[in-house]
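A short worksheet on the structure shown next.
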Amino acid sequence: MLKVRIVPCLDFAGGRVVKGIKFQGLRDAGDPVQRAAAYQDQGADELVMLDVSATVEDRRNAAETIAAVREVLCIPLTVGGGVRAIDDAQRLLDAGADKVSVNTAAVERSELLAEMNERFGAQCTILAIDAARRDHDKGWEVVVRSGRERTGRDAVAWAVEAERLGCGEILLTSWDRDGTRSGYDTQLLRAVAGAVGVPIIASGGADSAEHMAEAAGAGADALLAASIFHDGDTTVEDVKRYLLGRGLPMRQTWSDAREDLPQ
Amino acid sequence: MTGLAVHVLATGSANLASVFAGLRRAGAEPILAEDVSQVASARAVMLPGVGSFGAAMDRLGSLGLVAALRQRIDAGRPTFAICLGLQILFEASEESPGVRGLGVIPGRIGRFEVKLRVPQLGWNSVRADDGCELLTDGEAYFANSFRCTEQPAGWNAAVTDHGGPFISGIERGPVLACQFHPELSDQWGLGLMRRWVQRASVEVAAC
């Protein structure tokens, strides 16, 4: 049986981990290699790294950051941010990514997903969708350019089309919840997970292991979080112990000997 | 002692950086294999596989490597195939109808049932049979839409369940093939790679 994955996310720019609220107001959150190694040691099942560089100069350094992380990482690594064309994806794979996520570029030119599928396979072709709630309970629309631009496109319909074009996984971020620590948008998760057959990584709003259990219950296959791990409020292992206790299938990376210790 | 030289075959756009990093961690010295003679004569070969069955076989065919690979596997020379690398050992796959695989093992590869999450992306349990020397029980990272469901005769095997059992690993002496990605399977995957490198080193020393 497949395990539910816990996926810490590192936003990075200029060789540093950064974190902001609703993609704005970035602040420094450490060294990417140290962070990646620490999360791996805590039992992370996978790592996502998103390049949020604002400048072309910073973006040029992305491959170096990825290569440095790869040297210490023996779990899967998804990289995204600023991928415009298949050559960008190839550069990230050459540097050490296992999967590449695309967002704005795929909205503007959906054939990019088909091209990536053809060249790298579905398992490497990840679509990131940033979804914002519409007024009057009319579903969600896709936002692009780090949330600055609403597209009018329905998020669920876009997920279905992306699967048809060959994407193998969807990184689904609630733009309303991102960085707010108010819980994942479980209605959004339920809507997308029910409409497609590819796995869904839930993102945006996690503040606790309880939030993660809710997202898994809504159909998420993997649970992404940044703030709660970066700020040291909890560890990946703590989250996994809790979710295992809730009956969710988890990859257990700690030794059973520790079960004897007081909780 | 320097590490075992492992020739890594570029079958397309595989995640070669991860494979190289994994081999280095396992104590080997990965080398990108560029021509046929290297693969035929190399002491140890890794066949990483990402992409489609048809594209991988096209590439092996255009490089003239089909016979060389078949011979080294039949002869039991140290070879490690990953993911699609396992699938192309078989005769055919539902993924690319009409394309012939290496055919080292009888049988064909089929797709997971549609009611499941496909691709299978994530960690799943591996159970190795008692005769396995390299494969052990553990949890591995998978990224596949197709799989083999029949145990190949003459090989020891490991089994995993995703909507029913499928073959997640096979081994015969120093020839090892995994449907999962050992280079992405944390300490358990690293342990498997180390055992293969050690096993291959013994084989090489005996040559």
Largest to smallest principal axis extent of the C-alpha atoms in the range A:115-163, angstrom: 40, 21, 13
If all Cα-Cα distances of the range B:128-206 are sorted into 5 Å bins from 0 onward, what percent lands in each bin, rounded to whole numbers? 3, 16, 27, 26, 17, 8, 3, 1, 0
Relative exposure of A:Ser227, A:Ser53, judged by other C-beta atoms within 10 Å (fewest first): A:Ser227, A:Ser53
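Against the globular-protein guess of 2.2 N^0.38 Å, express the Cα radius of gyration of the protein assembly as shown as a ratio, rounded to two decimals. Can you show the working numbers first?
Values: Rg = 21.6 Å, N = 470, 2.2 N^0.38 = 22.8 Å.
Here the Cα radius of gyration is 0.95 times the empirical estimate.
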Against the 2.2 N^0.38 Å scaling, with N counting residues, where does the range A:119-196 land? I'd like the Cα-based Rg ratio to two decimal places. 1.08
Looking at the protein assembly as shown, what % of its DSSP beta bridges pair antiparallel, to the nearest 5? 40 percent
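Loop-only chymotrypsin sites (Phe, Trp or Tyr not before Pro) in the range A:177-263, please: DSSP not H, G, I, E or B, and at most 13 other Cβ atoms within 10 Å. Let's see the in-between values first.
Working: sites: A:Tyr184, A:Phe229, A:Tyr242, A:Trp254; in loops: A:Tyr184, A:Trp254.
Taking the range A:177-263 and a limit of 13 other Cβ atoms within 10 Å, the loop chymotrypsin sites (Phe, Trp or Tyr not before Pro) found are A:Trp254.
Order by neighbour count: A:Thr235, B:Thr149, fewest other Cβ atoms within 10 Å first, most last. It would help to have the intermediate numbers written out before the result.
Working: A:Thr235 18, B:Thr149 13.
Ranking A:Thr235, B:Thr149 by Cβ neighbours within 10 Å, fewest first, gives B:Thr149, A:Thr235.
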Separation of alpha-carbon centers, the range A:81-96 and the range B:56-70, rounded to whole Å: 27 Å
For a distance above 24 Å, tell me the whole-number percent of Cα pairs in chain A that qualify. 44 percent
Give the percent of DSSP beta bridges with both residues in chain A that are antiparallel, rounded to the nearest 5. 30 percent
On the first, second and third principal axes, largest extent first, how far apart are the outermost C-alpha atoms of the range A:155-263 in Å? 49, 26, 19
Picking from B:Trp196, B:Trp123, B:Trp188, which is most flexible by a Gaussian network model of chain B using Cα springs under 10 Å? B:Trp123
Placing each pseudo-label 7 Å from Cα in the direction of the beta carbon, A:Gln34 and B:Gln151 end up separated by a distance in nanometres of 5.1 nm
Please give the contour-minus-distance gain from B:Glu94 to B:Arg59: 0.36 nm per residue of separation, less the Cα-Cα distance, rounded to one decimal in nm. 10.8 nm
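Cα convex hull of the range A:18-132: mean projected area in nm², to one decimal?
Values: hull surface 30.2 nm².
The directionally averaged projection comes out at 7.5 nm².
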The exposure ranking of A:Arg5, A:Arg27, B:Arg100, B:Arg172, fewest beta-carbon neighbours within 10 Å first, is A:Arg27, B:Arg100, B:Arg172, A:Arg5
1/(1 + (r/R0)^6) with r = Cβ-Cβ of B:Glu29 and A:Ala54, R0 = 45 Å, i.e. FRET efficiency to nearest 0.05, evaluates to 0.65
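Sorting check: for A:7-13, B:165-171, which peptide has the highest mean count of neighbouring beta carbons within 10 Å, and how do the rest follow? Write down the numbers at each step before the final one.
Details: A:7-13: 24.9, B:165-171: 23.1.
Ranked by mean Cβ neighbours within 10 Å, highest first: A:7-13, B:165-171.
Just checking the output field for B:115-127: average partner chain Cβ neighbours within 10 Å of each residue's Cβ?
The shielding value for this peptide is 6.
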Kirkwood-based Rg to Rh ratio, the range B:1-63, C-alpha trace: 0.98
Hydrodynamic calc, the range B:1-113: Kirkwood Rh from Cα pairs, then Stokes-Einstein at 37 °C with viscosity 0.692 mPa s, so D in µm² s⁻¹ is 230 µm²/s
The range A:162-195 and the range B:171-188: distance between their alpha carbon centers, rounded to Å: 32 Å
For all pairs of alpha-carbon atoms in chain B, what percent lies in each bin of width 10 Å, listed from the first bin to the last filled one? 9, 40, 40, 11, 1, 0
Report the Cα centroid-to-centroid distance between the range A:111-133 and the range B:119-155 in angstrom, as an integer. 27 Å
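Quick note: the coordinates plus some simple rules give every number you see, no bench work behind them. Just so it is clear, the model here is predicted, and its values are computed rather than measured. Here Cβ is always computed from backbone atoms with ideal geometry, including for glycine, and neighbour counts include all displayed protein chains.
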